[in-house]
Amino acid sequence: MSSNTPYTAGREPDDAADAIRQGIALRQGRRVDESIRLLREGMRRHPASLLIKHELAVSLHWNGEHAESLALTEEVLAAAPAHKPALYVRVELLTRMKDFAAAAAAGAVLSQRHPDEWQAQLRHAVALRRAGDPSGARDIIERVLGQWDALQPQARASLQVEASRCLADAGEIRAALDAVRAALREAPDSREAVMQAIGLERFALDHTSALRLCDEALARWPDDEGFVRQKVTTLMQAGDMSGAEALLSASRHQHADLWIWLDLDLRRFDRARGRFDEQLAKGETASPALQRLEIRLLRNEGRADEAHARMLAYWHQDTGSPEAAALVLNGLVAAERIEEAEAFAAGLSDALKEHTAVRRALAHLLLMVGAIEAFTDLLIEDARHAPSILDHVTRLVSAAGRWGFGTAPSRAVMARLEHLLAGAESRFPEFTLNVLRAQVAMGTSAWAELAERTGRACGQSPGDILLLALKARAEFETGRFDSALATIEPVLAHHPAHLAALKLRHALFFVFGDAEGGATFLLEQVCSGALPLEPWMVYDVRMMDRPEVLPELIASQTNRPTSSVSNAVRLSRHFLRLDGDPGELVLPSYPLYRPMSGQDLRDLFAAAEQGQAEPSMPTVVGLVGRRLQSETLGEKDAWMARAQHATYVHRVIASRNVRPDTPLEFEFSGAFAELDERMALRRPTLLVGTHLGIGNLFFFETYLTNAAFLVNWTSTRWGADPKYQIIPGTNRLAAARLVKCLKEGLTVFSAPDFPAETNTKLGFRSDAVGSLFGARCTLLDTVPKVAQALGVPIYWLQALRSGTDVRVDVRRMAGALPNEDTATWAARWAQDYLDLLAGVMTSGADNQNFSSVMYRYLMLKRGDLSIARREPE
């Protein structure tokens, strides 16, 4: 067979050179399986040919059969240690097999045998960097660049790109950008330099610069698949989902994984499922990227068990993958399978635990079990050399906020974070540092600083939709509502499922007095799937005169059975009277927190007084409270800010498992001793107050003994505590159970401000009717009727904030008069109770949580919602 005879199936070349030539041609023609078969036959016929053996190793390498390829390569090098192509292939094979230490050693052999070849030095440097020695790799590159003046521009560019990668791996993004820009000056058409520059601009959070590079690349290489992917990824990271979708639609390439990623980010789960199933129907093996996306999709579909099984299968495919390890750890923690997560983490190799994705997952686990110091140490250490620290910064600020700004653990986290950011000034561009500090400002509710920083950042990077969303929030919080509206509209045009932007737009409806528009907007967004249904929405929509809203919301969630939606749907069905009792709500058990000391409690209050709090949107309830508190707009805004800070304190303290040995400061009225004696002696007593606010929780868990609670439904917190008996207030046997508890000598607490009209069956009638701020209020009349029938006294008990203390107001309420008819007595008692409640509601912003149920109730009673409307000055 002559060397010019083309290979055809069924004809095998006799000459070794022909076998080599045709094997290479088949491989380069992407007919790798045929190349392997031909070269295997050639090796059988010419077992002494090292060239055939080498080319077979290369074809096997192309086919992903790395172990056999490496074995053949080692045979070639054993026979010919200076075989240059085999030396190169060995380094690449070991790198692909993720044996980075062996690859670095092989790279050293290659560079020693060929010290005058810059390619050999470059390959050695790459292997060293992948083995975790970017400094050593950079030394090699700098030596080559400094000694070899005759290098061609393309060669110098390749070396400078590798120098940039070494710097990026060490977290030196500013220097890495300088290096890659030098590479682009040497060779403007270097694809690898452009790719590296795009990635670095994203690390630097400068998405506008990254997009400019993408556009320049696509102008040079139109519809290039790699650069299309880079631009789509950049657009999505910048929050420009509409731009990403337009680009994907215009591309001739499939990009199935990017389409599914986009659909998931836009909460289009049905579309994502259709695209994924379409890929499976083609009979192709799902790539690792597609497998990760499927796990995410399954979770969003509420198929948690399937997602868990897929996650473990993904891990077992490659137990050396840091991405897989991080995915499993985060998945177990998110599912609160903490013991499994700890066992999994203990089994990871030291090498895997050094990877940044795994480190962050381990930090997540540490935070969930309450080890905030270890969490901080791990994240800070990882951030010192990470190419991007945005995630580290946001996690640290969030942890400090959840543990309570001002408390000792929180102060330690924030001090470490400040030290990290100070040290980052030499590593990152000024723009990046400004964005990072904007995130800190957002996380601590430093709204004026956030406004200044986002204004500057948006001026430099106008294409960044996520920065624009932060700017809108800053404008909202600083009272520039018109500007906030103008800013948030383009955000939602580019990212219609941006949760924070949607919630901000909803709040703006109420700020401008358009409660009806707010209700319509909320309904549209939840029903479209853009917003997940959350419990607060259930409460808020009850205040709108839109009876069709709740049924539509429930119907929209039929195919979205996540745990949070499940809670919201249960509550919705309860309030629609479709279910008498919503049952046990699914409440998270993690993260764990340590009880706060008295000093931490005082420091938490002091920090909140200064405005340091986790960010939260003002609630409709808060807007009502603001309206009740003052007349001038300035005072109202100050009240709202204070109320949000008080709500933050409420959330922080509520997350602690407060026990009787927790140091708390209380002040008592004279009636407390009398009540305390009755409880100790097991004399039947009725208590009333507002709903179970945080102050009452403190008091109950610390001081109440021999107690039962008449509540609207059983929560996990109260239902699981054997110290207390729980009486569901809407149960038809509630009165009988209440009487039984009293006869056993228990003290029964009731929160009758749960409005009867909205929490009971249709046709319910009560004599406990009174007036609150001009609104006719109907309460449950179980308490006054039982008190009159049994002659049991009723005490008013309410815990209220007073500076850094919790003041407990205890007083004995007036009882029924002799021969007073039940209806008159119930109405008189109801008005007495409502007058006391009015005092709570006007006692200050700090105590808004104690009476938020009644704020909602008042809005429901006043159908026009004028109480929440912002009137002209």
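If you go through region 341-376 and keep only what is under 24 Å from Ala168 (Cα atoms), touching a Leu at 6+ places or on another chain (Cβ under 9 Å) and surrounded by fewer than 20 Cβ atoms within 10 Å (Cβ to Cβ), you end up with Lys353, Ala357.
Which residues, counting only those in region 214-224, are touching a Ser or Thr at 6+ places or on another chain (Cβ under 9 Å) and either among the hydrophobic types (A, V, I, L, M, F, W, C) or touching a residue at least 60 places away in the same chain (Cβ under 8 Å) (or both)?
Start the filter on region 214-224 by keeping residues that are touching a Ser or Thr at 6+ places or on another chain (Cβ under 9 Å), which leaves 214, 223.
Cys214 - this is the single residue of region 214-224 that is touching a Ser or Thr at 6+ places or on another chain (Cβ under 9 Å) and either among the hydrophobic types (A, V, I, L, M, F, W, C) or touching a residue at least 60 places away in the same chain (Cβ under 8 Å) (or both).
The lone criterion from (1) open to solvent by 50 Å² or more (accessible area, probe 1.4 Å); (2) charged (D, E, K, R); (3) modelled with pLDDT under 70 left unmet by Arg546 is number (1).
Give region 458-483 a look and list any residue that's in a helix (DSSP H, G or I), closer than 16 Å to Ala238 by Cα and over 23 Å from the mean Cα position of the chain (by Cα), or say none. Let's see the steps before the verdict.
Keep residues of region 458-483 that are in a helix (DSSP H, G or I), which gives 458-460, 465-477, 481-483.
Checking which are closer than 16 Å to Ala238 by Cα leaves us with 458-460, 465-472.
Hits for region 458-483 are Cys458, Gly459, Gln460.
Taken together, the residues in region 292-332 that are modelled with pLDDT of 95 or more and on the phi > 0 side of the Ramachandran plot amount to 0. Screening the candidates Ala219, Ala244, Ala210 for the property of being open to solvent by less than 20 Å² (accessible area, probe 1.4 Å), over 29 Å from Arg427 (Cα atoms) and assigned to a helix (DSSP H, G or I) yields one hit, Ala244.
Taking region 310-329 as the range and being open to solvent by 50 Å² or more (accessible area, probe 1.4 Å) and either in contact (Cβ under 8 Å) with a residue 60 or more places away in the chain or not in a helix (DSSP H, G or I) (or both) as the test, the residues that pass are Asp318, Thr319. For Ser135, are the conditions met, namely being over 30 Å from Leu421 (Cβ atoms), of a type in the set (Ser, Thr, Tyr) and touching a residue at least 12 places away in the same chain (Cβ under 8 Å)? So Ser135 fails the test.
Of the candidates Glu294, Glu278, Glu306, the single residue that is acidic (Asp, Glu), surrounded by 20 or more Cβ atoms within 10 Å (Cβ to Cβ) and assigned to a helix (DSSP H, G or I) is Glu294. Within region 128-155, being of a type in the set (Lys, Arg) and open to solvent by 50 Å² or more (accessible area, probe 1.4 Å) holds for Arg130, Arg138, Arg143.
Please enumerate the residues belonging to region 484-501 that are buried (at least 21 other Cβ atoms within 10 Å of the Cβ), touching a residue at least 24 places away in the same chain (Cβ under 8 Å) and under 22 Å from the mean Cα position of the chain (by Cα).
Here is the first cut: in region 484-501, the ones buried (at least 21 other Cβ atoms within 10 Å of the Cβ) are 484, 487-488, 491, 494-495, 498, 501.
Of the ones still in play, those that are also touching a residue at least 24 places away in the same chain (Cβ under 8 Å) are 484, 491, 494-495, 498, 501.
Selection gives Val491, His494, His495, His498, Ala501.
Of everything in region 437-449 that's within 19 Å of Gly239 (Cα to Cα) and among the hydrophobic types (A, V, I, L, M, F, W, C), which residue is most open to solvent (accessible area, probe 1.4 Å)?
Taking region 437-449 and keeping what is within 19 Å of Gly239 (Cα to Cα), we get 438-439, 442.
From what's left, among the hydrophobic types (A, V, I, L, M, F, W, C): 438, 442.
Working: Ala438: 2, Met442: 35 Å².
The selected residue is Met442.
Restricting the search to helices (runs of 4 or more DSSP H) fully inside region 696-814 and requiring at least 1 residues that are of a type in the set (A, V, I, L, M), surrounded by fewer than 20 Cβ atoms within 10 Å (Cβ to Cβ) and modelled with pLDDT of 60 or more gives 734-743, 782-790. Residues considered: Met195, Met236. Of these, the only one that is in a helix (DSSP H, G or I), within 23 Å of the chain's Cα centre (by Cα) and at pLDDT 95 or above is Met236.
The values are calculated or read from the model by the stated rules, or taken from the named source; none is laboratory data. In this text, all values refer to a predicted model and were calculated from it rather than measured experimentally. Here the Cβ is made from the backbone with ideal geometry for all residues, glycine too, and neighbour counts use every protein chain on show. These accessible areas exclude ligands, DNA and RNA; they are computed on the full protein's heavy atoms, side chains included. Shrake-Rupley method; radii C 1.70, N 1.55, O 1.52, S 1.80 Å.
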